[in-house]
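Have a look at the structure below before the remarks.
We did not get these values from a lab; they are worked out from the coordinates using the rules stated. Since we're looking at a predicted model, the values are computed, not measured. Glycine gets a Cβ as well: all are built from the backbone with ideal geometry, and neighbour counts include every protein chain shown.
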């Protein structure tokens, strides 16, 4: 009676002695990155700046909102330059950096759409593109994550599984979207329509903004669809080429179906716009 617990304990110790080296070997084979560096810190600060900018905009603090938006734009340039110069590029950074850009774009797009500063069709395209890419990213992350696929490992970005390579048109589109948001934020400041600086007080820039909105709408549609057709936009890490090809095709199909539907919806909004696509800002 007294030897049975002792036997169980001995068996457990032997099992642990055998499995521990195996567990350690598996852990050591999984590559990890150091994500705690200045470029990633700047990226995270830009992520935090997004809701703060929207808060200022909602409370009609246009000058401060424009200033914080400018900070976000500057850090967007600086963090990538520092990462390349200091050789601190990480897969996590390649995911968080565009994520911060998109968070800023999504939050401000929603805010400006609510304030009637941008038309509904344009907001549909911008938000729809990001939503489609986000759905595909969720799939890519899960499909390419090395086993075991657990909830904690899914959100552990020190475990690289796929790399995103923005397409050329996507880079131009991101720049144009940021310029549009910045111009829309600056409009009440430079015209003095909402207690701004009044540099161009009395100027009617709404027609020019409408043309700019059309340009951004076109490049946004082109950019989103490019991810559905270009195979090198996302690189899935791994050695099974056949499996990676299937995963890539499925991800592109997700983007094509979802964003293609939203492009059609945006066209419908634009055609049926009672104001012919011209949106008068609420400020």
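Some points to look at:
- On the beta carbon distance between residue 171 and residue 272, with R0 = 30 Å, the FRET formula returns roughly 0.40.
- Considering all different alpha carbon pairs of segment 68-135, the Kirkwood hydrodynamic radius works out to 13.4 Å.
- Model label sites at residue 249 and residue 235, defined 7 Å from Cα along the beta-carbon direction, differ in position by 2.3 nm.
- Between the alpha-carbon centres of segment 40-87 and segment 139-159 there is a gap of 28 Å.
- Taking N as its residue count, the alpha carbon Rg of segment 212-252 over 2.2 N^0.38 Å: 1.54
- Sorted by Cβ neighbour density within 10 Å, fewest at the top, the residues 250, 141, 85, 46: 85, 250, 141, 46
- Distance cut-off 20 Å, percentage of C-alpha pairs in segment 33-187 lying past it: 53
- Neighbour-count ranking [beta-carbon atoms within 10 angstrom, fewest first] of 44, 234, 58: 58, 44, 234
- Simple label model, 7 Å out from Cα along Cβ direction - residue 179 to residue 151, nm: 4.5
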